[in-house]
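Report on one structure; see the data block that follows.
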Amino acid sequence: MGISFSQFAEILQPYLKKGLSVEDFVETLFIAILDEPDDDFDLGVKPDTLKSYYYGNTQINSLAERIATYINADRFEQYINENIGEDAKKAIAKELRQFDPSITLTNVAKKSAAIFRECIQSAAVLPRKRKSKKEDNNFPAGQKKAVAKNANSSISYNSLLLMESRGICHYDGCGKPLMLFSNGKSIEDYEIIKIDSKVSDSFNNHVALCSICAKKYKTTANPTNISRLKEIKRQLIAETKKDAIISDIAIEEGLERVIKKIEVATPRQLVKLAEEPVETKKKIEAKNIMLITIVLGFVTQYYPYVDDLFKQASREGKLRFTTFEQQIRLAYLKLKDDGLQQPEIFDQLVKRLSNSTNEKKEPCAVVISYFVQKCEVFDATAE
Ligand SMILES: [Zn+2]
């Protein structure tokens, strides 16, 4: 067939959801071919990337790998039938015929769905033509495997489920690694478990557990266990989505030094903030009392010290402070756009900084609190 996603999307664009931005249109297309996504489902692809899928500047491979197992062509066919009138179908059929001469007015919805499915499935198994660096962070390095061509094969399920679990058994209180590495070889010790045997065979109804927990779950599956495992699975799905949207925070030597110094600061080095940190108070919603307490505490205790450390690092040319500040701002805006609440945003920013610098979470929370007071994180609330 040989049609690219970009060509396909361009043909449909004039007839579907008029008035949508390019990125929203592309997202709508993908969601329409996925297996019953939740209402708050998010593809986890940044708007810029969605746009460049449309214009053909970025290949859809890494998204395709992630979604290949949830494709449901019937849903897409239905979507076309519900959203496109006869005239538009005629026009689409005419354009698509250059890729598949058997397309007619009566089968255009079904054929479009088949073409789209083929686009995704072939992209999921093809070697990447152009790496999208951002998206490669969705899953830990080394765990990325091409999805098998058969969308329902257990192989593709397994590797995706393993990625989702980040190689750890998430059953309550376990935390055992699902793969052990010894002498350069990996030893797998996991089982794919169907969470609820009464529910259909979908990706969302499976999870990877260590062999011990898997056995335990299978022998004691009762309503309480089942709903608990469902909850664990929901969290895994939410985590995967969040990871996909947080932008990279570029790390410079100076930043790690600042964070290290914060960690070992002595009471004598810390001059408390003279006035009340009004900015912080204004920007955190009153209901987030725990977050207010944490951030106010950190700001009062550390703000002048952190401010000095950053100034010193930029003076010495060890850190491009403005760039870093912008990155924090940008990361915050993206999380906010995605509808995350203030405590989650704060938590994600801290986690991200901590992961990229390999430093402890507490000093990173001090840094993020500093940016709350500096007005880069959180905007003034209505109150
Ligand atoms: Zn376990």
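Remarks
- Glu36 meets each of the listed conditions (1) loosely packed, with under 14 Cβ neighbours inside 10 Å; (2) of a type in the set (Asp, Glu); (3) under 18 Å from the mean Cα position of the chain (by Cα) apart from (3).
- Residue within region 88-102 that is closer than 30 Å to Lys334 by Cβ, buried (at least 17 other Cβ atoms within 10 Å of the Cβ) and modelled with pLDDT of 80 or more present: no
- Test: residue in region 238-250 that is within 14 Å of the ligand (Cβ to nearest atom), modelled with pLDDT under 80 and under 23 Å from Leu43 (Cα atoms): no
- Qualifying residues in region 338-375 (those that are among the small types (Gly, Ala, Ser) and buried (at least 21 other Cβ atoms within 10 Å of the Cβ)) - the one nearest to the chain's Cα centre (by Cα): Ala365
- Hey, Lys272 under 18 Å from Val366 (Cβ atoms) and either at pLDDT below 85 or assigned to a loop (DSSP other than H, G, I, E, B) (or both) or not: yes
- Tabulated pairs, region 205-226, first of a type in the set (S, T, N, Q), second within 11 Å of the ligand (Cβ to nearest atom), C-beta under 8 angstrom, 6+ apart or interchain: Ser211/Asp189; Ser211/Tyr190; Ser211/Glu191; Asn225/Tyr217
- Restricted to region 15-27, and to residues there that are at pLDDT 85 or above and exposed (fewer than 15 other Cβ atoms within 10 Å of the Cβ), the residue that is farthest from Asn61 (Cα to Cα) is Ser21.
- Residues in region 282-296 that are part of a helix (DSSP H, G or I) and exposed (fewer than 15 other Cβ atoms within 10 Å of the Cβ) were compared, and the one that is modelled with the lowest pLDDT is Lys282.
- Conditions (1) at pLDDT 85 or above; (2) within 19 Å of the chain's Cα centre (by Cα): number failed by Leu160: (1)
- In region 194-230, residue surrounded by the most Cβ atoms within 10 Å (Cβ to Cβ) [restricted to those that are assigned to a loop (DSSP other than H, G, I, E, B) and within 16 Å of the ligand (Cβ to nearest atom)]: Ile195
- For region 313-357, a tally of residues being within 15 Å of Leu255 (Cβ to Cβ), in contact with an Asp or Glu (Cβ under 9 Å, 6 or more places away or on another chain) and touching a residue at least 40 places away in the same chain (Cβ under 8 Å) returns 14.
- Boolean, Ala274 is free of Cβ contacts under 8 Å to residues at least 60 places away in the same chain, of a type in the set (Gly, Ala, Ser) and at negative phi: yes
- Criterion (aromatic (Phe, Trp, Tyr), in contact (Cβ under 8 Å) with a residue 40 or more places away in the chain and under 19 Å from Glu239 (Cα atoms)) met by exactly one of Tyr70, Tyr55: Tyr70
- Restricting region 183-208 to residues that are of a type in the set (Gly, Ala, Ser) and more than 12 Å from Tyr70 (Cα to Cα) leaves a set whose member that is modelled with the highest pLDDT is Ala208.
The values are calculated or read from the model by the stated rules, or taken from the named source; none is laboratory data. Note that this is a predicted model, so its numbers are computed, not measured. Every residue, glycine among them, receives a Cβ derived from its backbone with ideal geometry; neighbour counts consider all protein chains shown.
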